Amino acid sequence: MPVVLNDAARRIAIDRYFTSEEKDVIEALGYSMAYENMCTRVAEAVSLAESTPRLQTEFRATFKHVLLEQYLIPGGRFWANAGTHNQQFPNCFGSMG
C-alpha cells in the first residue's frame, strides 16, 4: 500500500522522523522507499525485545508488515528514535508519586 500523506504531513515526517540516511534515500529513490527503510529500522529495534533470535526474526517481519500497511502508526518518538543512538520510545512519561 503506498504511503499517502499531504504535503504538510510529509514535510513533518521528513523533518522529524527520518534519519539522515533515510533522507538520502528520498533523494535517490523516493519517499515510499525511504518509508519502507524507516519501517525496517523501527521493526528491527522493537524486535530486539523478543527473547530469541527466531522470535526476533518473526516479530520483525510481522511488525514491518503492520507498519508498511499502516495498520498501526506509532507515536513520533518510535519513528524518530527506534534504531538510533536515542532509544527513548515513549511519547510521554508519568510519575507514581
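Quick note: the coordinates plus some simple rules give every number you see, no bench work behind them. What you see is a predicted model; the values in this text were computed from it and never measured. We place every Cβ from the backbone using ideal geometry, glycine too, and count neighbours over all the protein chains shown.
Quick notes on this structure:
- Among the GluC sites (Glu not before Pro) found in region 28-97, those both in a DSSP coil and sparsely packed, with 12 or fewer other Cβ atoms within 10 Å of their Cβ, are E69.
- The value given for the chain is a Kirkwood hydrodynamic radius of 14.2 Å, derived from the mean inverse Cα-Cα separation.
- Footprinting exposure proxy for L72, L67 (fewest neighbouring C-beta atoms within 10 Å first): L72, L67
- Full extension of the chain between C92 and Y71 gives 5.4 nm of extra length, using 0.36 nm per residue less the Cα-Cα distance.
- Over region 1-46: Kirkwood hydrodynamic radius from C-alpha pairwise inverse distances, Å: 10.8
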